[in-house]
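The values are calculated or read from the model by the stated rules, or taken from the named source; none is laboratory data. Just so it is clear, the model here is predicted, and its values are computed rather than measured. A quick note on method: Cβ atoms are made from the backbone with ideal geometry, for glycine too, and the neighbour counts reach across all protein chains shown. In case anyone asks, the SASA skips ligands and DNA or RNA and just uses the protein heavy atoms, side chains included. Shrake-Rupley method; radii C 1.70, N 1.55, O 1.52, S 1.80 Å.
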Amino acid sequence: MKIVIVGAGVSGLAAAVGLTAVGHEVELHEGFDLLRSGGNGVLIWHNGTGILRELGIPLDGLGARIDIADVWANTGRPLMRTSLAEIGRRLGSHSVGVMRGQVVERLFAALPDGVLRVGKRCTGIAERGNRVAALFSDGTEAEGDVLIGADGYRSLVRNHLFGPDHAQYTGLASWHGTTSAPLDLGADHAVPTFYGPKGLCTLHPVGGGRVHWSFEVPFDNGLTHVPGPDTDEVPPPGRYDAPSRLAYLQRGFGDWAPPVSALFDILTEEDIAEAPHTMHDVPKQWGRGRITLTGDAAHAIPPRAGWGVNQALEDAWVLSHALSGVESDPAEGLRAYEAARRGRARKVRGRAKMLKRGNGTLLLLRHTRNGLPATRMLQANIKNCSNYLNDHRPKGRGTASVSPAEV
């Protein structure tokens with residue numbers, strides 16, 4: 001069966017790897033002229049590393065292993081500790097912090113030659129009975145038995161299916177970057193997140209001695225909220241002037257406990273990138289006929305939930321099993337994939353909404369030194385949001401069960 005995928009981010013690449021592995025002919029089309037191997041640091045949970053291993057992606061040297069997640073008040077008061085190492089022992093695979101681009105490069109390296117086609121900007125979709133085609137700006141097209149929209153939160157494929165249906169801004173943005181300067185994160189292989197009345201800052205290693213950092217700031221309909229020179233407060237919605245992004249961050253977070261305050265001895269204006277937070281409703285239907293969606297095209301969520309890349313990998317894993325051995329009626333396999341993933345994706349969205357309004361509650365926590373309640377809670381959340389860890393494959397599809405690989 002020939003499968004056309006639009007979009008070569010993590011979801012498109014992972015789907016291409018999984019679908020070629022089960023014997024399908026795959027064409028993966030990317031609108032940019034080069035593979036998009038840049039981007040921010042991401043966390044890949046225990047389900048994600050298990051899926052990568054099952055897809056044949058080597059984990060050696062992929063980012064940095066994460067063993068501990070600490071929550072702190074902005075004053076430096078410890079609030080909560082979670083043992084990701086213990087979760088890894090229970091679930092069979094560890095978690096990592098890694099640059100998104102490194103995941104993209106490893107997935108691309110696993111593809112057969114000729115699968116990826118760059119410089120192919122999709123401008124339309126044509127449904128032709130038992131065939132479906134992606135139409136490109138250069139006048140060419142790619143026709144197949146199945147078309148997968150992996151083209152992000154502003155998905156053209158999603159718009160074709162449901163009309164204008166882009167993800168909506170949440171009112172927050174991440175100002176983020178990566179530094180190679182040494183920072184004390186409180187423990188080896190740790191992710192500290194600092195919460196305060198004005199927002200949060202999270203830091204995590206991504207391998208090679210580098211640390212990814214991210215601040216949350218207000219954001220509304222494409223306008224970043226930066227304060228005027230005479231105020232020390234994060235302002236209400238509106239447009240404001242400020243000397244620089246660095247000055248804004250320093251005004252809001254510069255007096256926080258280390259290592260947050262130590263960042264401002266390192267950062268320059270050029271180090272700071274901006275990513276607005278968006279969120280989709282998870283639709284009842286992800287597709288129609290021989291078309292479906294994966295990744296942010298189906299269920300975009302803010303980065304604080306830490307599930308963007310993990311959901312993309314879950315989609316690819318379930319989709320490849322749903323279409324394994326399917327030739328006569330691929331639409332049935334696509335609906336089985338969507339039904340298997342929909343409930344889990346809704347759980348992730350619910351968690352993302354809860355986290356968005358959770359700063360004040362977290363500041364009331366008392367530190368639990370052994371981390372047992374927090375560890376059990378996070379393990380339950382990861383498992384509840386994962387098809388892979390529950391081996392939830394569409395009935396009658398795919399190969400024999402494969403348990404998550406051991407570390």
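Values as computed for the structure displayed
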{"quantity": "Gain on full stretching of the segment that runs from A21 to T140 - 0.36 nm per residue minus C-alpha separation", "calculated": "40.2 nm"}
{"quantity": "Positive dipole terminus of the chain, leading residue within V217, P283, A69 (C-beta point charges)", "calculated": "P283"}
{"quantity": "Nearby aspartates and glutamates by direct alpha-carbon distance to K198 (threshold 18 angstrom, same-chain neighbours under 8 apart not counted)", "calculated": "E216, D220, D230, D232, E233, D255, E274"}
{"quantity": "Positive-pole candidate from G12, L52, L34, dipole of the range 1-56, charges at beta carbon", "calculated": "L52"}
{"quantity": "Of every Cα-Cα pair in the range 86-224, the percent that sits beyond 26 Å", "calculated": "52"}
{"quantity": "Helical mean residue ellipticity (222 nm; -39500 (n - 2.57) per DSSP H run of 4+; nearest 500) of the chain", "calculated": "-9000 deg cm²/dmol"}
{"quantity": "Probe 1.4 Å, protein heavy atoms only - accessible area per residue of the chain in square angstrom", "calculated": "42"}
{"quantity": "Accessible surface of C385 - all protein chains present, 1.4 Å probe, nearest 10 Å²", "calculated": "10"}
{"quantity": "Where F32, F215 fall by accessible area, highest first, once all protein chains stay in place (1.4 Å)", "calculated": "F32, F215"}
{"quantity": "Solvent-accessible surface (1.4 angstrom probe) belonging to V260, in square angstrom, nearest 10", "calculated": "0"}
{"quantity": "Highest-MSF residue in the chain out of D165, D151, D33 [GNM, Cα springs under 10 Å]", "calculated": "D33"}
{"quantity": "Kirkwood hydrodynamic radius (C-alpha pairs) into Stokes-Einstein, the range 9-83, 4 °C and 1.567 mPa s, D in µm²/s", "calculated": "83"}
{"quantity": "Highest-MSF residue in the chain out of G306, G48, G12 [GNM, Cα springs under 10 Å]", "calculated": "G306"}
{"quantity": "Top of L334, L62, L319 by mean-square fluctuation, Gaussian network on the chain, Cα under 10 Å", "calculated": "L62"}
{"quantity": "Rounded if a/c under 1.5, otherwise prolate or oblate - the range 4-48, Cα gyration tensor axes", "calculated": "oblate"}
{"quantity": "Pairs beyond 22 Å (Cα-Cα), from K120/K284; K2/K383; K2/K120; K353/K383; K120/K347", "calculated": "K120/K284; K2/K383; K120/K347"}
{"quantity": "Solvent accessible area, Å² - M80, 1.4 Å probe, full protein context", "calculated": "40"}
{"quantity": "Share of carbon and sulfur in the accessible heavy-atom surface of the chain [1.4 Å probe, %]", "calculated": "50"}
